[in-house]
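Encoded as structure tokens, the structure appears first; notes follow it.
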Amino acid sequence: MTQSVFIQNPSPLAVQSPSPGGEHLHPLPRNSGRALEMDWVDDIRINLSAAERRVASLPGRRTVKKDAQAGWLLKAITCIDLTTLNGDDTAERVKRLCAKAKAPVRSDLLEQLGFAGRALHTGAVCVYDRFVSAAVEALDGSGIPVAAVSTGFPAGLVPHELKLKEIEASVRNGAQEIDIVITREHVLTGDWRALYAEVRDFRAVCDNAHLKTILATGDLKTLRNVAKASMVCMMAGADFIKTSTGKEGVNATLPVTLAMLRMIRLYQERTGYKIGFKPAGGISTAKDVLNYQFLMKEELGRDWLEPDLFRIGASSLLADIERQLEHHVTGHYSAFNRHPVG
């Protein structure tokens, strides 16, 4: 039976802000994957115009202001994978990034927000394998995991054996999360068995580290390809599906996000496993991240506002959130250089 993924109306969004503190007291059951079900892949259909209408209506229908907005933005901070993936990265830059991850908002702002004395940190720090050890050392005792990009990031075109060795090295160096890039050719040629086998191998060598599969959605051409790739990666054992490397011409978008969230919902209905979602690339303002939070809440529910199921790959986003929080408590915007990230 053909599966249409754009037919149901979303449930209403509660207007109150989510608590910045965590909701999940126990680890979620980890996705063990399953045998490749080609019927699940072949039956996927996407109504592009319906998807575009759905996300176009979001900013006009959903808004939060004042204290509620501050609450949503504090929650967003806990879901940020604070990232540096530049050719000129250094160990010192990574250490500064880790310091910001541990104290993402100035203490005077937290005090004025009534949040003094409460733990607040980002969801993770994301770096190249070269800097995993430096990040692990800088974050020791903080509870913040290190995520390492891997498998020949961002193109993913190195030999498969080297991809596996890179994952093994990052895990050995202390990375608790591995952000892999898939081979886009498998998607573009419809070789779903090859994609499944590739991701299954990645999952096997990740051991206890969580696997986040980057689809590079800007390279996949169609929402149907995005949806099918999402489903195959989840069947192969992905803990998260992620939109982009941040290096493509087009990175995270709301239509792509909607397609991926519908696949997460469908996979949960069929298997019982909750899969995480990570948009990345181009999410640089507080206004942007609120729209993603609203869509997560509407499509998947409250659980997907927590860092164990929602991450945002970003670098400059944190500075803008901090500026918005400062405006909330002072009535004035400050310059970006008052909110350094790394």
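The values are calculated or read from the model by the stated rules, or taken from the named source; none is laboratory data. Treat the numbers as computed from the prediction; the structure is a model and nothing was measured. Please note: Cβ atoms are built from the backbone with ideal geometry, for glycine as well, and neighbour counts cover all protein chains shown. Protein only, heavy atoms only, side chains kept; ligands, DNA and RNA dropped before computing areas. Shrake-Rupley method; radii C 1.70, N 1.55, O 1.52, S 1.80 Å.
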The condition of being in contact with a helix residue (DSSP H, G or I) (Cβ under 7 Å, 6 or more places away or on another chain) and open to solvent by 10 Å² or more (accessible area, probe 1.4 Å) holds, among Glu269, Glu248, only for Glu248
Across the stretch 281-299, what is the number of residues that are of a type outside the set (Lys, Arg), open to solvent by 30 Å² or more (accessible area, probe 1.4 Å) and assigned to a helix (DSSP H, G or I)? 1
Please state which of the following conditions Ala68 fails to meet, knowing it meets all the rest: (1) free of Cβ contacts under 8 Å to residues at least 60 places away in the same chain; (2) within 21 Å of Asn291 (Cα to Cα); (3) loosely packed, with under 13 Cβ neighbours inside 10 Å. (3)
Would you be able to tell me the number of residues in the stretch 172-195 that are within 21 Å of the chain's Cα centre (by Cα) and not in a strand (DSSP E or B)? 8
From the set of residues in the stretch 77-98 that are among the hydrophobic types (A, V, I, L, M, F, W, C) and over 19 Å from Pro307 (Cα atoms), which is least open to solvent (accessible area, probe 1.4 Å)? Val94
Taking the criterion of being of a type in the set (Gly, Ala, Ser), under 19 Å from Arg54 (Cβ atoms) and more than 12 Å from the chain's Cα centre (by Cα), would at least one residue in the stretch 278-300 satisfy it? no
Picked from the stretch 200-236 (must be within 21 Å of Pro29 (Cα to Cα), among the charged types (D, E, K, R) and not in a helix (DSSP H, G or I)), the residue nearest to the chain's Cα centre (by Cα) is Lys212
State all residues of the stretch 177-199 that are in contact with a Ser or Thr (Cβ under 8 Å, 6 or more places away or on another chain) and either open to solvent by 50 Å² or more (accessible area, probe 1.4 Å) or farther than 14 Å from Lys212 by Cα (or both); if no residue qualifies, say none. Ala194, Leu195
Give the stretch 109-144 a look and list any residue that's assigned to a loop (DSSP other than H, G, I, E, B), more than 19 Å from Glu322 (Cβ to Cβ) and open to solvent by 20 Å² or more (accessible area, probe 1.4 Å), or say none. Asp140, Gly141, Gly143
What's the total number of residues in the stretch 40-65 that are in a helix (DSSP H, G or I), surrounded by 14 or more Cβ atoms within 10 Å (Cβ to Cβ) and basic (Lys, Arg)? 1
Just to be sure, is Phe202 closer than 23 Å to Glu298 by Cβ, at pLDDT 95 or above and in contact with a Leu (Cβ under 9 Å, 6 or more places away or on another chain)? no
